[in-house]
Amino acid sequence: MTQLSAAQSPAPKERTSDSSKTLYGGKGTRRITVRDITAAKERGEKWPMLTAYDAMTASVFDEAGIPVMLVGDSAGNCHLGYDTTVPVTLDEMAILSAAVVRGTSRALIVADLPFGSYQEGPVQALRSATRLVKEAGVGAVKLEGGERSLAQTELLVSSGIPVMSHLGLTPQSVNTMGYRVQGRGEEAAHQLLRDAKSAEAAGAFAVVLELVPAELAAEVTRSLHIPTVGIGAGSACDAQVLVWTDMLGLTGGKMPRFVKQYADLRGVMGDAAKAFAEDVVGGAFPAAEHAVH
Ligand code: KIV
């Protein structure tokens, strides 16, 4: 058995946290890449991800240090006025993704491949993802499914396009699956674990786990070398994602239990709109200082 000399042996893994390199709070100004995401898992660093659908909102999150932004097809419900994510088109995703890229300089931008843009097979997936990378300038794409999207993930990754996989509740399958917690019961839990391992083996750099029991999400997180990004999947995931309009209280109606609301933008905006309307109707706006002479 040969022994490596000290000079030949690989340097020991860095264990201390170097805050200049952390995803959140790091001082670097260059754009974050999937290699930084892999390094964060090795360091055991947790990180936040938010959705974004327009340049201005994305610029606020970029300035706040959010390291990864998802141009989710949740834009269907939260930005474009559809009832589900199903009608969202590749053209719409390309326009929204390009705007988010233009509004940011540091965050890694991941764009969803919308329903119907990759299910036909790997070649369709590559054509769709290539558009988002070339036209919009995103750094990675996300697609739903583990084993069922294995061939797509393999071709994208081998073609140089990083892939984030999405498991658990996959909203593009709402017509077959509904919006229910996934992975309950032994067989469903085994399938979720197989899907996660299959996404990792195919080369995905991260896996979103949506609406999955916390214990199962913890087991998946322990079993993978790539990070898990939880939404309604408990605290053991390596990262957490929220839909920005939910997180800031802009979405109307009842919120799912896993959403934490950090502001009441709907209230703030509604009150401001009413104040403006009352000023116009009552003649208080424009005042002398708003006039141009
Ligand atoms: O489209 C989206 O916003 C998503 C997140 C919920 C992960 O897929």
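Things to note:
- Failed item, numbered, when ALA199 is tested on (1) in a loop (DSSP other than H, G, I, E, B); (2) within 16 Å of the ligand (Cβ to nearest atom): (1)
- Within this structure, VAL133 passes the test of being open to solvent by 40 Å² or more (accessible area, probe 1.4 Å) and within 18 Å of the chain's Cα centre (by Cα).
- No other residue among GLY139, GLY168 is touching an Asp or Glu at 6+ places or on another chain (Cβ under 7 Å), of a type outside the set (A, V, I, L, M), over 17 Å from PRO114 (Cβ atoms) and in contact (Cβ under 8 Å) with a residue 60 or more places away in the chain apart from GLY168.
- Of the residues contained in region 72-85, none is found to be within 14 Å of the ligand (Cβ to nearest atom) and within 16 Å of ILE161 (Cβ to Cβ).
- Failed condition for VAL86, given (1) assigned to a helix (DSSP H, G or I); (2) of a type in the set (Val, Ile, Thr); (3) open to solvent by 30 Å² or more (accessible area, probe 1.4 Å): (1)
- Of all residues in region 95-119 being farther than 18 Å from HIS166 by Cα and either in a strand (DSSP E or B) or out of contact with any strand residue (DSSP E or B) (no Cβ under 8 Å at 6 or more places or on another chain) (or both), the one that is farthest from the ligand (Cβ to nearest atom): SER105
- ALA188 out of contact with any Phe, Trp or Tyr (no Cβ under 8 Å at 6 or more places or on another chain), open to solvent by less than 10 Å² (accessible area, probe 1.4 Å) and not charged (D, E, K, R): no
- Residue ID - farthest from the ligand (Cβ to nearest atom), chosen from residues in region 151-165 that are closer than 18 Å to LEU108 by Cβ and open to solvent by 10 Å² or more (accessible area, probe 1.4 Å): GLY160
- Candidates in region 208-247 are the residues that are farther than 19 Å from LEU50 by Cα, outside any helix (DSSP H, G or I) and not hydrophobic (A, V, I, L, M, F, W, C); of these, the one that is farthest from the ligand (Cβ to nearest atom) is HIS225.
The values are calculated or read from the model by the stated rules, or taken from the named source; none is laboratory data. These numbers were taken from a predicted model, which means no experiment stands behind them. Note that we place each Cβ from the backbone using ideal geometry, even for glycine, and neighbour counts take in every protein chain shown. For the accessible areas, the whole protein counts, side chains as well, though only heavy atoms, and no ligand, DNA or RNA atoms are used. Shrake-Rupley method; radii C 1.70, N 1.55, O 1.52, S 1.80 Å.
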